[in-house]
Structure formats: C-alpha cells, structure tokens
Amino acid sequence: MQLLFAGQTPRLKKLELRGTRWLAANQFDSLTHLQIQGADANDWDFMPELFVVLSHCPVLQELFLSMFRQEDPPVSALPIVTLCHLRRLAIGDPYEGDLINMFLSHVSLPEDGVAIRLFDFYHDYGNDNEWVEECPHLSFMDTLTTVRFSTMKGAEVIMTGPSSGLRLENPVLSPGELLHILRPHEQSCPLTELWLDDRWHMLDDDSLCELLAHMPSLSTIVVIEGASSVWFSTVIDALCRQLGAASTLLCQHLTTLHLWLCRSALPIAIVDLLDIRVVHGYPLERLII
C-alpha cells in the first residue's frame with residue numbers, strides 16, 4: 001500500500017483507481033466516492049488491503065468495485081467494516097463469485113436507504129454457481145417488497161422497497177439458484193408485488209410456479225408490455241393451478257392482476273381464471289388490461 005499526496009488529502013471527495021497494483025493507505029476522512037477497477041494481479045493479496053482502505057473511509061457513500069481477483073485465501077483474516085453512510089454499492093466482473101460473498105460477509109451496511117448492483121459476475125472461463133448457495137442475506141433485503149424480472153435492457157432482476165434496492169444484471173442462474181438469493185423472510189417484510197415480461201428466458205411453466213410458490217404474500221402481479229399470448233397463457237395457467245389434495249391455489253393473497261398492453265390475451269382464459277379464483281375462495285379484486 002502507498003500514501004497518496006504524502007498522506008495529506010483533507011478535501012478529497014472522489015478517488016478512482018484503475019489498473020493499479022496497490023491501494024492507497026491514506027486516512028480518507030472526507031472521501032465519499034471510491035472506484036477500484038482492474039485490480040486483478042495474480043500475486044496480490046487484494047481483499048485485506050481493500051478492507052484496510054474501507055476502514056479508512058468513515059463517510060464513504062458510494063463504492064464501485066470491478067475486475068478484481070483474489071487467487072488464494074487471504075493471508076490475514078478480514079475484519080468486519082461498518083459502512084454506515086454507504087448509499088450505493090456496485091460489484092461486478094470479479095474473477096469468481098466467491099469474492100462477492102467474501103466482501104458482503106465482511107461489511108456492515110445500513111438497514112435501509114442503500115442500493116446494491118451486482119453485475120457481470122460470470123466469465124466464460126469460470127461459470128461456477130456454488131457461490132450462490134452461500135450468498136449472505138443482508139438486513140436491508142427484509143424491506144424489499146417488489147421484484148421485477150426484465151430483459152428490456154439485458155437480463156436483469158430488480159428488487160425494490162420504500163428506500164432500498166437490489167439489482168442483478170445479466171445473471172446466468174437457474175430459477176432455483178435465483179430463488180435462493182431472492183427468497184424473502186416472509187415473517188419480516190414479504191414480497192407483495194411481482195413484475196414479469198415474456199422475454200425472461202428462465203421462467204417456463206414449472207419455473208414460474210416455483211417462483212410463485214416462494215412468494216405466498218404476493219398481492220399484485222404485473223405482466224408488462226411485449227408479452228405474447230403464449231406467455232399470458234403461462235401466467236394465467238399458473239394462477240389457476242391447483243396444488244395438493246386440498247386443491248389450493250398459488251398466490252392466495254393476490255388481489256390485483258395487471259396485464260399491461262395485453263393485445264393478444266384470450267378473453268375466455270381470463271374469465272376462467274376469475275371463476276376459478278372465486279370458486280376456491282381467492283377472488284381477484286382488480287383486473288387491469
């Protein structure tokens with residue numbers, strides 16, 4: 001580690017390091033924005049140095065990390081660093097997904113008012129999905145109430161709450177792995193709103209039912225523009241599917257179904273859906289087309 005400007009940075013607000021093989025050892029009492037990109041040297045014990053830097057940034061509000069690696073386990077144990085003022089965190093393009101877990105497991109983030117973006121966390125040479133199984137559950141995730149699956153700007157999953165959010169961009173994950181990350185703690189603050197579009201490539205009939213089964217507190221489902229009649233039929237069939245001997249339905253708290261720009265949805269299928277939900281005691285209160 002090296003000192004910048006002889007260790008004198010009393011007014012420095014933003015610092016960007018690209019392609020360096022060292023990190024700054026300064027005490028950054030005024031630093032609010034930090035970007036580190038291209039720290040991918042094979043023989044560098046990067047993560048311990050990163051946490052030293054973070055411990056020197058008491059008012060950090062925005063952190064961007066990309067293209068970094070840690071070939072071997074860190075030589076020294078990583079401390080827990082509290083980033084109580086952090087509002088935006090972006091982590092992407094790591095050498096392996098475990099580095100995301102390593103980082104998130106050693107930082108203490110605000111319980112609300114924080115936005116996290118995870119992007120490009122797969123390489124052609126390292127499609128290892130095991131890190132998903134150990135992805136830590138962060139406390140702010142208990143405030144997230146809406147989830148959106150979209151391919152409008154590339155494959156992405158967006159979860160939002162009153163003041164926090166989590167975005168996964170270009171995720172190459174199976175539905176089961178995805179659910180492991182997104183599964184809410186229903187007893188604290190459940191997901192109540194789901195947005196879907198028909199180009200989300202992972203949600204076939206069974207995957208959609210699996211997704212809905214893990215979101216029992218949903219009250220609103222929105223199928224957004226661009227959807228085809230096949231996709232509308234998939235959504236409607238899932239909401240009509242009877243489960244088990246008791247013949248219960250998915251999404252028993254569902255009250256609103258919004259088929260946005262539904263030019264090709266079949267009226268008969270919609271009527272059947274309304275009838276089935278009424279018969280089983282889970283009627284819709286609002287249908288928006």
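Can you pull out every residue in the stretch 2-17 that is exposed (fewer than 12 other Cβ atoms within 10 Å of the Cβ) and either touching a residue at least 24 places away in the same chain (Cβ under 8 Å) or in a loop (DSSP other than H, G, I, E, B) (or both)?
Initially, the stretch 2-17 is screened for residues exposed (fewer than 12 other Cβ atoms within 10 Å of the Cβ), giving 2, 5-8, 10-11, 14, 16.
Q8, P10, R11 - these are the residues of the stretch 2-17 that are exposed (fewer than 12 other Cβ atoms within 10 Å of the Cβ) and either touching a residue at least 24 places away in the same chain (Cβ under 8 Å) or in a loop (DSSP other than H, G, I, E, B) (or both).
Quick one: which residue in I80, I91 is over 19 Å from E16 (Cβ atoms) and either open to solvent by 50 Å² or more (accessible area, probe 1.4 Å) or modelled with pLDDT of 80 or more (or both)?
Numbers: I91 fails: over 19 Å from E16 (Cβ atoms).
The conditions single out I80.
With respect to the numbered conditions (1) within 25 Å of the chain's Cα centre (by Cα); (2) of a type in the set (S, T, Y); (3) open to solvent by 10 Å² or more (accessible area, probe 1.4 Å), which one is the sole condition not fulfilled by T20?
(1)
One line per residue, one yes/no per condition, for (1) in a loop (DSSP other than H, G, I, E, B); (2) under 12 Å from the mean Cα position of the chain (by Cα); (3) at pLDDT below 70:
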{"site": "E111", "(1), (2), (3)": "yes, no, no"}
{"site": "H123", "(1), (2), (3)": "yes, no, yes"}
{"site": "W131", "(1), (2), (3)": "no, no, yes"}
{"site": "R167", "(1), (2), (3)": "no, yes, no"}
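In the stretch 26-46, which residues are at pLDDT below 85 and either assigned to a helix (DSSP H, G or I) or surrounded by 15 or more Cβ atoms within 10 Å (Cβ to Cβ) (or both)? If you could, list the steps in order and put the result at the bottom.
Step one: of the stretch 26-46, the residues at pLDDT below 85 are 26, 38-46.
Once the filter is applied, which keeps residues that are at pLDDT below 85 and either assigned to a helix (DSSP H, G or I) or surrounded by 15 or more Cβ atoms within 10 Å (Cβ to Cβ) (or both), the stretch 26-46 yields N26, A39, D40, A41, W44, D45, F46.
Does any residue of the stretch 276-289 turn out to be among the aliphatic types (A, V, I, L, M), part of a helix (DSSP H, G or I), at pLDDT 90 or above and surrounded by 15 or more Cβ atoms within 10 Å (Cβ to Cβ)?
yes
For every residue, the table says whether it meets (1) at pLDDT below 80; (2) of a type outside the set (D, E, K, R); (3) over 26 Å from T143 (Cβ atoms); (4) crowded, with 19+ Cβ neighbours inside 10 Å.
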{"position": "M202", "(1), (2), (3), (4)": "yes, yes, no, no"}
{"position": "P216", "(1), (2), (3), (4)": "no, yes, no, no"}
{"position": "E225", "(1), (2), (3), (4)": "yes, no, yes, no"}
{"position": "A238", "(1), (2), (3), (4)": "no, yes, yes, yes"}
{"position": "H253", "(1), (2), (3), (4)": "no, yes, no, no"}
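So for the stretch 69-76 (the condition being surrounded by 13 or more Cβ atoms within 10 Å (Cβ to Cβ), hydroxyl-bearing (S, T, Y), modelled with pLDDT under 90 and in a loop (DSSP other than H, G, I, E, B)), does at least one residue qualify?
Restricting attention to the stretch 69-76, the residues satisfying the condition of being surrounded by 13 or more Cβ atoms within 10 Å (Cβ to Cβ) are 69-71, 74.
From the residues that got through so far, the ones that are hydroxyl-bearing (S, T, Y) too are none.
Scanning the stretch 69-76, I find no residue that is surrounded by 13 or more Cβ atoms within 10 Å (Cβ to Cβ), hydroxyl-bearing (S, T, Y), modelled with pLDDT under 90 and in a loop (DSSP other than H, G, I, E, B), so the answer is no.
Would you check if F103 is within 25 Å of G161 (Cβ to Cβ), of a type in the set (A, V, I, L, M, F, W, C), open to solvent by 10 Å² or more (accessible area, probe 1.4 Å) and modelled with pLDDT under 90?
Judged against the criteria, F103 is not a match.
Between L178, L138, L144, which is at pLDDT below 70 and surrounded by 17 or more Cβ atoms within 10 Å (Cβ to Cβ)?
Working: L138 fails: at pLDDT below 70; L144 fails: at pLDDT below 70.
Answer to the selection: L178.
The values are calculated or read from the model by the stated rules, or taken from the named source; none is laboratory data. Predicted model only: the values in this text are computed from it and were never measured. FYI the Cβ positions are ideal-geometry reconstructions off the backbone, even for glycines, and counts take in every protein chain you see. SASA here: full protein model, heavy atoms, side chains in, ligands and nucleic acids out. Shrake-Rupley method; radii C 1.70, N 1.55, O 1.52, S 1.80 Å.
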